């Protein structure tokens, strides 16, 4: 089945396929993210989810922002078409299997919008872009919480360089897929550690999430 046909089928059957939010984060990581949204509700700045897949996490997390941080936007950044080939190839020598290249290709901005609408999260902003070369026009001046889940080392590093200067004092960036485990197939941790070394930050890992805070 072609990618376009797969997307069309998903959009047609979305009310049935996605009657429950299709959350991509594992429970420990999801718990940490939702906790940080609550405890940093008074920190100024929007909330960004970078690499939202089909929007399941945004369905849940945006409700917290809507209730407890009414003046903040919840903004998702994604290619809505899978990995950028050149970025993916950088991680192949590091152990990422080429079989994962097409894992997220059967996606689209319209599909994610439909899923968000099904779950009452139509106020979530969607920005289609490669976060490694995102336009300043798509970025807020300040962020309070950023969830970074782009799997690969290059976009992880680039996203950290983009969002850290815009992070409010008291804000936090959470980087998924940073667990030091044999079954870890992604190399986001390499981009996270490269960023920490460059900015003289001590790498912190919490339940598999890389942590970057601004005091």
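Observations on the model:
- Yes/no for residue 170 being closer than 21 Å to residue 33 by Cβ, touching a residue at least 24 places away in the same chain (Cβ under 8 Å) and surrounded by 22 or more Cβ atoms within 10 Å (Cβ to Cβ): no
- The listed residues are 141, 130, 177, and the only one of them that is within 30 Å of residue 19 (Cα to Cα) and either in contact (Cβ under 8 Å) with a residue 40 or more places away in the chain or surrounded by fewer than 22 Cβ atoms within 10 Å (Cβ to Cβ) (or both) turns out to be 130.
- Restricted to the range 61-82, and to residues there that are surrounded by 17 or more Cβ atoms within 10 Å (Cβ to Cβ) and free of Cβ contacts under 8 Å to residues at least 40 places away in the same chain, the residue that is nearest to the chain's Cα centre (by Cα) is 82.
- Residue in the range 102-122 that is farthest from residue 191 (Cα to Cα), counting only those that are in contact with a helix residue (DSSP H, G or I) (Cβ under 7 Å, 6 or more places away or on another chain) and surrounded by fewer than 17 Cβ atoms within 10 Å (Cβ to Cβ): 122
- Identity of the residue in the range 186-215, touching a residue at least 40 places away in the same chain (Cβ under 8 Å) and at positive phi, that ends up surrounded by the most Cβ atoms within 10 Å (Cβ to Cβ): 208
- Test result for residue 48, in a strand (DSSP E or B) and in contact with a helix residue (DSSP H, G or I) (Cβ under 7 Å, 6 or more places away or on another chain): yes
- Matching residues in the range 65-85 - criterion: being touching a strand residue (DSSP E or B) at 6+ places or on another chain (Cβ under 6 Å) and assigned to a strand (DSSP E or B): 74, 75, 76, 77
- Out of 185, 175, sole residue that is within 16 Å of the chain's Cα centre (by Cα) and under 16 Å from residue 150 (Cβ atoms): 175
- Just one of the listed residues (88, 20) is part of a helix (DSSP H, G or I) and at negative phi, and it is 88.
- Residues located in the range 29-45, provided they are in a loop (DSSP other than H, G, I, E, B) and within 24 Å of residue 79 (Cα to Cα): 45
Throughout, read-outs are computed from the coordinates displayed, never taken from laboratory work. Keep in mind that this is a model prediction, so the values were computed, not measured. Positions of Cβ are backbone-derived with ideal geometry, glycine not excepted, and every protein chain shown enters the neighbour counts.
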